[in-house]
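Down below is the structure, laid out as structure tokens.
Only the coordinates and a few stated rules stand behind these numbers; no lab work does. From a predicted model like this one, the values you see are computed outputs, not experimental measurements. Neighbour counts run over all protein chains shown; Cβ positions are idealised from the backbone, glycine included.
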Amino acid sequence: MLSLIKIVIATGFVYLLWSVTKFVLRVRKIMTTLRGAAGMHKGRQTRPKQEPQKAMVKCAQCQLYVIDSDAISQQGNYFCSPEHAAAFR
């Protein structure tokens, strides 16, 4: 009788381990699918590359901020357009 109880307990333990393993594998499969759908790779979310910030300067005529590379520089002042540069003189 005692050996029968041991066999039942061992069988129950094996069944429990099998059920937990099956559940974990199912969850892993779902998580892998969700990561692929969300654009994630190896548990990390990929971020779009950001452009470096550009310096902004203020137009001396209208006070509008423009990107430094797009601004017109004259006599130490910055302008948003050639018309404002001409009008400022």
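Structure notes:
- Rg ratio (alpha-carbon, reference 2.2 N^0.38 Å) - the range 2-42: 1.91
- Computed [θ] at 222 nm, deg cm²/dmol, the chain (DSSP H ≥ 4; -39,500 (n - 2.57); rounded to nearest 500): -17000 deg cm²/dmol
- Dipole in debye (nearest 20) - the chain, about Cα centre, beta carbon charges: Lys, Arg +1; Asp, Glu -1: 900 debye
- For the chain, the longest principal axis of the C-alpha atoms and the axis of helix 2-37 are separated by about 20°.
- Kirkwood-Stokes translational diffusion coefficient of the chain, alpha-carbon pairs, 10 °C, 1.306 mPa s, µm²/s: 81 µm²/s
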